[in-house]
Amino acid sequence: MRNAAPGPIGRNRVTRQTVDLSAFPDLVIIYLGMRVRGLRGVKTLLGFGPQISTAVAAQPDGLLLHENLVFSPFPPHAGMRQYWRDFESLERWTRSEPHQRSWKSFLRDSGATGFWHEAYSMKGGMEAVYDVFTPVGMMEFAPLRSARGSMFAARARLKRGGQAPPALVPEESLPNEGVAAG
């Protein structure tokens, strides 16, 4: 156990530690998850595992740590947590292959799954997007808005300045979801 020091038999002394994040002033932590919504979704979920492993093994610039997570066995709901050096590295990676191909494919057909992500930025701000999903995370307590217009891109949701790269899939090409904008 990493944070326990040996003590008397049957006891572990707690050693409290913290981290110095001063070298990471632009750190972004992102949680991502995929939940199976039908039988076909099991195949979709399992198919993403090797793709994610390959992408992480390529050591994209800015990815500091990748961790796989299981949120629930039934319905199957798996995901990951990633620590990125800065938002720009994360954004650049999302516009590159193989992520770009996978995301476009998902937006054409979710494969009987739902997908979500939540991002937390050291510079301030949090953002989230949920696609074909039942309530999870911030969806449980915050009002839902359609991910359109100023809410379409993570850069805008985090209130980051600067020029956003072109969207992988243009907003106009997506069907209307019917989520109330109120």
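Where a number appears in this text, it was derived from the coordinates with a stated rule and is not lab data. A quick note: this is a predicted structure, and the numbers were derived from the prediction, not measured. Using ideal geometry, Cβ is built from the backbone for each residue, glycine included, and neighbour counts are taken over all protein chains shown.
Tabulated data
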quantity: Ordering of 38-45, 127-134 by packing [mean C-beta count within 10 Å, highest first]; calculated: 127-134, 38-45
quantity: Anisotropy class of the range 72-182 from Cα gyration tensor, a/c 1.5 cut; calculated: rounded
quantity: Footprinting exposure proxy for MET138, MET80 (fewest neighbouring C-beta atoms within 10 Å first); calculated: MET138, MET80
quantity: Convex hull volume per residue for the range 1-139, taking Cα atoms only, in Å³; calculated: 155 Å³
quantity: Qualifying trypsin sites (Lys or Arg not before Pro) for the range 50-140 [loop in DSSP, other Cβ within 10 Å: at most 15]; calculated: ARG95, LYS123
quantity: Ranked by how many other beta carbons lie within 10 Å on average, peptides 150-157, 139-146, 113-120 from highest; calculated: 113-120, 150-157, 139-146
